[in-house]
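**Student:** Before I ask anything, here is the structure I am working with.
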Amino acid sequence: MAIDLSFVTACKGRLHHLQQTLPLLAAQPDTESVVVDYGCPQGTRHWVKEHFPRVKVVAVDDSELCVARARNLGAMAATTARLCLIDADIKVRDGFVSWVRQHSLPHRYYRASPLDQDIWGTFVCPAEDFWSVGGYDEAFRGWGGEDDDLYMRLEDSGCRASGFPAELIEPIRHEDSERMAFHEIKDRWASHRVNQAYIAAKVDLTKILGRALSLEERKQLFGESQRGVLAIPLGAPAAVLEINLPPDVRIPSQPDWVLEHKLVYRFLRRSTSN
């Protein structure tokens, strides 16, 4: 049988997890595995080459971790028509590959069902659909959001969401200290709020401008989102985030007045009842 599925995983400081999960991936019949060593201080690239010489290694030495870039580079090295993007702390169980082969349909992507946070970013997708939307958005930094953004764009392009049985994969549970070790923002949910604001602003701005944003524009927008969210005082019941829009040169200006264009987002803390 021809190789028809590529596992793509990235590792930075997670070699102790990869040592548990890669043997399971590499043992799957008629598949290939790609590991992205994103400047891993534990020497992931050397360990993989020594113990699993048939596994492809993509070596990246960027100083700042960008999960989206890591996954895109891994997907670029894959050679099959179907991708499985899977975190280094996810074990595949017997039956996963056979389920994918029996149930995968064109223009559908598959996530675990039911979902929980520790398996959120693992999914199976036709490579054609993945690249038709440009893969992951490399403007993202920090934890969370880059996968939600990709899922939204896949669905907007006509690639439908479906589920595979969650019992076919098993997460290695661990603390947030490991999860956030190589990110600038150490608070998991603060980072997620930044990325949530960025996704909303990007969607709205794309609609307003009637075109896709360039990577440089997206990076600038992400920076504004991050600065705005991190300026929100801890414990504040509500906060307003303003995103500046580029001026529309078609609208005439006045000598003493400048018209500013902004997107305004309001964060509200959920009330809790005893």
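**Student:** Of the residues Glu217, Glu224, which single one is part of a helix (DSSP H, G or I), charged (D, E, K, R) and touching a strand residue (DSSP E or B) at 6+ places or on another chain (Cβ under 8 Å)? Reasoning before the result, please.
**Tutor:** Working: Glu217 fails: touching a strand residue (DSSP E or B) at 6+ places or on another chain (Cβ under 8 Å).
None of the other options fit; the residue is Glu224.
**Student:** Which residue out of Ser214, Ser225 is at pLDDT 85 or above and touching a helix residue (DSSP H, G or I) at 6+ places or on another chain (Cβ under 7 Å)? Walk me through it before giving the result.
**Tutor:** Working: Ser214 fails: touching a helix residue (DSSP H, G or I) at 6+ places or on another chain (Cβ under 7 Å).
Result: Ser225 is the single residue among Ser214, Ser225 that is at pLDDT 85 or above and touching a helix residue (DSSP H, G or I) at 6+ places or on another chain (Cβ under 7 Å).
**Student:** Of the residues Ile86, Ile119, which is within 16 Å of Gly163 (Cβ to Cβ), in contact (Cβ under 8 Å) with a residue 12 or more places away in the chain, buried (at least 16 other Cβ atoms within 10 Å of the Cβ) and touching a Pro at 6+ places or on another chain (Cβ under 6 Å)? I'd like the intermediate steps shown before the answer.
**Tutor:** Details: Ile86 fails: touching a Pro at 6+ places or on another chain (Cβ under 6 Å).
After ruling out the rest, the residue left standing is Ile119.
**Student:** Something else: With the requirement that a residue be in a helix (DSSP H, G or I) and either at pLDDT below 95 or exposed (fewer than 14 other Cβ atoms within 10 Å of the Cβ) (or both), what does segment 153-177 give you? Working first, answer last.
**Tutor:** Residues of segment 153-177 in a helix (DSSP H, G or I): 153-156, 166-168, 176-177.
Listed by number, the residues that qualify are Glu155, Asp156, Glu167, Asp176, Ser177.
**Student:** Considering only residues that are under 21 Å from Arg173 (Cα atoms) and open to solvent by 30 Å² or more (accessible area, probe 1.4 Å), which ones fall in segment 13-40?
**Tutor:** Arg14, His16, Gln19, Gln20, Pro23, Leu24
**Student:** Which one is nearest to Asp4 (Cα to Cα), of the residues in segment 65-106 that are of a type in the set (Gly, Ala, Ser) and in contact with a strand residue (DSSP E or B) (Cβ under 6 Å, 6 or more places away or on another chain)?
**Tutor:** So, considering only residues that are of a type in the set (Gly, Ala, Ser) and in contact with a strand residue (DSSP E or B) (Cβ under 6 Å, 6 or more places away or on another chain), the one nearest to Asp4 (Cα to Cα) is Ala78.
**Student:** Being open to solvent by less than 70 Å² (accessible area, probe 1.4 Å) and touching a residue at least 40 places away in the same chain (Cβ under 8 Å) is the requirement here; does His261 meet it?
**Tutor:** Details: open to solvent by less than 70 Å² (accessible area, probe 1.4 Å): yes; touching a residue at least 40 places away in the same chain (Cβ under 8 Å): no.
Criteria not met by His261.
**Student:** If you don't mind, there's one more thing I want to ask. Can you confirm whether segment 95-104 contains a residue that is open to solvent by 50 Å² or more (accessible area, probe 1.4 Å) and touching a helix residue (DSSP H, G or I) at 6+ places or on another chain (Cβ under 8 Å)?
**Tutor:** Of the residues in segment 95-104, the ones open to solvent by 50 Å² or more (accessible area, probe 1.4 Å) are 98, 101-103.
Okay, now just the ones that are also touching a helix residue (DSSP H, G or I) at 6+ places or on another chain (Cβ under 8 Å), so none.
Among the residues of segment 95-104, not one is open to solvent by 50 Å² or more (accessible area, probe 1.4 Å) and touching a helix residue (DSSP H, G or I) at 6+ places or on another chain (Cβ under 8 Å), which makes the answer no.
**Student:** OK, next. Give Val57, Val36 a once-over and let me know the one that is over 22 Å from Pro165 (Cβ atoms), under 17 Å from the mean Cα position of the chain (by Cα) and assigned to a strand (DSSP E or B).
**Tutor:** Working: Val57 fails: under 17 Å from the mean Cα position of the chain (by Cα).
Checking each option against the conditions leaves just Val36.
**Student:** Quick one: Phe222 ticks every box in (1) under 17 Å from Gly144 (Cβ atoms); (2) open to solvent by 40 Å² or more (accessible area, probe 1.4 Å); (3) not small (Gly, Ala, Ser) except a single one, so which number is it?
**Tutor:** Result: Phe222 passes all but (2).
**Student:** Being open to solvent by 40 Å² or more (accessible area, probe 1.4 Å) and modelled with pLDDT of 80 or more is the filter; apply it to segment 228-254 and report the residue that is nearest to Lys202 (Cα to Cα).
**Tutor:** Glu242
The values are calculated or read from the model by the stated rules, or taken from the named source; none is laboratory data. These numbers were taken from a predicted model, which means no experiment stands behind them. Note that we place each Cβ from the backbone using ideal geometry, even for glycine, and neighbour counts take in every protein chain shown. Just the protein is used for accessible areas: all its heavy atoms, side chains included, with ligands, DNA and RNA removed. Shrake-Rupley method; radii C 1.70, N 1.55, O 1.52, S 1.80 Å.
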